[in-house]
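Derivation of every value follows stated rules applied to the coordinates shown; laboratory data play no part. Remember, predicted model here, so these are calculated numbers, not experimental data. In this analysis, Cβ positions are derived from the backbone assuming ideal geometry, glycine residues included, and neighbour counts consider all displayed protein chains.
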Amino acid sequence: MHEHKAPWQCVFAKEEKSLCKPGDRPSDDSEYFEILCLCVLQAGLSWKAVRENWEKIKKGFYSFNIEKLCKANASELVRRPGVYNNRRKIEAIIANARVFQKLKEKYGSFSNFLETLKSQKDKEAINEIKKLFKHIGDYSAEYFLHSVGFWK
């Protein structure tokens with residue numbers, strides 16, 4: 001295995017975690033949100049399928065534009081090219097956009113919100129992400145935090 005950084009080259013679950021270096025911190029809230037959506041969408045799918053279709057997926061979800069997704073509904077999104085026909089994931093992305101928007105408003109940015117988790121133990125930070133966002137479990141929450149450089 002070669003050393004790499006999350007998220008795109010990461011096969012976090014299939015190799016020694018020591019070989020997988022934390023990702024770089026996103027430069028803005030939209031990048032954080034895109035990685036969160038990646039975690040939701042990738043669950044249960046092959047990384048290869050997600051990687052190969054990411055640009056189509058991204059386009060189907062309005063480039064993960066938080067404001068547009070806050071106003072979207074699942075019936076509308078499921079008809080868009082590039083959107084997987086998984087209503088639970090679609091509804092989760094819409095709900096997560098709304099939570100994400102509220103966190104941005106409360107803390108000034110999602111990055112500022114994550115800083116409030118730094119004082120917590122790793123498991124507590126993972127649990128907080130799981131509690132806030134839909135369709136995010138233990139692994140997805142850990143992967144998300146790993147991908148956005150939370151533990152750097």
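Observations
- Ranked list, fewest to most other Cβ atoms within 10 Å of each Cβ, for Leu45, Leu36: Leu45, Leu36
- Gain on full stretching of the segment that runs from Leu132 to Glu91 - 0.36 nm per residue minus C-alpha separation: 13.3 nm
- FRET efficiency, 1/(1 + (r/R0)^6) with R0 22 Å, evaluated for Lys21 and Glu105 via beta carbons: 0.10
- Pairs of Cα atoms nearer than 8 Å and 6+ residues apart set the relative contact order; for the chain it is 30 percent.
- Taking other C-beta atoms within 10 angstrom as a stand-in for reagent exposure, Trp151, Trp54 fall in the order Trp151, Trp54, fewest first.
- Rounded, prolate or oblate (a/c below 1.5 giving rounded, otherwise prolate when a/b exceeds b/c) for region 18-94 by Cα gyration tensor: oblate
- The Cα atoms of the chain give a gyration tensor whose axes a ≥ b ≥ c have a/c of 1.5 or more with a/b no greater than b/c, which makes the shape oblate.
- Violating pairs (Cα-Cα greater than 20 angstrom) within the set Lys48/Lys123; Lys21/Lys89; Lys71/Lys102; Lys58/Lys152: Lys48/Lys123; Lys21/Lys89; Lys58/Lys152
- Residue order, fewest to most beta carbons within 10 Å, for Ile57, Ile126: Ile57, Ile126
- Here the chain is assigned +1 on the Cβ of each Lys and Arg and -1 on the Cβ of each Asp and Glu. Its dipole about the Cα centre then comes out at about 480 debye.
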